[in-house]
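The values are calculated or read from the model by the stated rules, or taken from the named source; none is laboratory data. Model, not experiment: these values are computed from the prediction. Ideal geometry is used to build each Cβ from the backbone, glycine not excepted, and the neighbour counts take in all protein chains shown.
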């Protein structure tokens, strides 16, 4: 009996707090998804990391054996400095000296990655003044970029999503939800083709060391604003038309980001996804001035008649046939109307 009462009370609590229960399930699922990703990445990448470490140790030991005049400590200091400079985008290789990280086109590319929050990390400010300016530039520029992207996406949505869906719905007679799902799928296929597959083929041709998978990986990491920085185009030593190539990549990132946002916004407007999102939201509480003056339980025909029956004669208006009609005093906003 006690278990039955406990179970029923739990069910009533869950039914009364559906949004909270769904939100708790969402948080637990997200944490489990993070743990799942960590386990998979660790199991897949850890052996490659160990192999690379062993290879580097072997190369280092072989170099020290062939060069007895160089001590281990001096080599460690040299390698530490080289790696530190490499983190700032400066390489000690002879072929890398032809490329500059802070000419105009490279700086334009860097600014676009900062404002779009992609942040490859392949080049970073070297001076304290550059770091301070990057902070101020980002504080102003990132909200400005969000405003710019929101305005552009909302205008594109009218011509790319809302009007086509409404037009097909009127002409075909299909349900609007079915038309919206078909349109969103078609739009996603176009976006994947124009901003993932075709650019991946182009990058695999222009970047000599990239295959198709690595090029597609770069496109996805960039347009999803993850920006790991392990693959950055235009950093090759013998890259032709370096400046024009950097400008083209900047335009590709901006247009691709807008296309991604349009597709995501199109899917978010689907009725099923709207209902799914609302399941995790708290219900909005109405303000006091928006509450109903009369409750539904207190409103009935008999109560209205009882309130309208006793009307003084001096407050009546005379019709031509001698009858009168009740005239109530004007109701002000501060009056409290209670119908019993």
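Condition check ((1) under 28 Å from residue 270 (Cβ atoms); (2) part of a helix (DSSP H, G or I); (3) touching a strand residue (DSSP E or B) at 6+ places or on another chain (Cβ under 7 Å)) across all residues:
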| position | (1), (2), (3) |
| --- | --- |
| 119 | no, no, no |
| 138 | no, yes, no |
| 154 | yes, yes, no |
| 159 | yes, yes, no |
| 169 | yes, yes, no |
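Among the numbered conditions (1) in contact (Cβ under 8 Å) with a residue 12 or more places away in the chain; (2) more than 19 Å from the chain's Cα centre (by Cα); (3) in a loop (DSSP other than H, G, I, E, B), the only one that residue 194 does not meet is (3).
Checked against the criterion of being in a helix (DSSP H, G or I), in contact (Cβ under 8 Å) with a residue 24 or more places away in the chain and either farther than 20 Å from residue 242 by Cβ or in the same structural domain as residue 260 (by TED's automatic domain parsing) (or both), the candidates 204, 177 yield just one match: 177.
Screening residue 115 against (1) out of contact with any helix residue (DSSP H, G or I) (no Cβ under 6 Å at 6 or more places or on another chain); (2) in the same structural domain as residue 230 (by TED's automatic domain parsing); (3) free of Cβ contacts under 8 Å to residues at least 40 places away in the same chain leaves a single unmet condition, (1).
Residue by residue, here is whether (1) farther than 30 Å from residue 242 by Cβ; (2) at pLDDT below 90; (3) assigned to a helix (DSSP H, G or I) holds:
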position: 19; (1), (2), (3): yes, yes, yes
position: 47; (1), (2), (3): yes, no, yes
position: 86; (1), (2), (3): no, yes, yes
position: 91; (1), (2), (3): no, yes, no
position: 106; (1), (2), (3): no, yes, yes
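Given the structure, is residue 187 under 28 Å from residue 271 (Cβ atoms) and crowded, with 18+ Cβ neighbours inside 10 Å? Against the criterion (under 28 Å from residue 271 (Cβ atoms) and crowded, with 18+ Cβ neighbours inside 10 Å), residue 187 qualifies. Taking segment 102-147 as the range and being under 15 Å from the mean Cα position of the chain (by Cα) and surrounded by 12 or more Cβ atoms within 10 Å (Cβ to Cβ) as the test, the residues that pass are 115, 116, 117, 118, 142, 145, 146. Restricting attention to segment 212-243, the residues that are in a helix (DSSP H, G or I), free of Cβ contacts under 8 Å to residues at least 24 places away in the same chain and surrounded by fewer than 20 Cβ atoms within 10 Å (Cβ to Cβ) add up to 6. Only residues that are in contact (Cβ under 8 Å) with a residue 40 or more places away in the chain and loosely packed, with under 14 Cβ neighbours inside 10 Å were counted across segment 245-273, and they come to 3.
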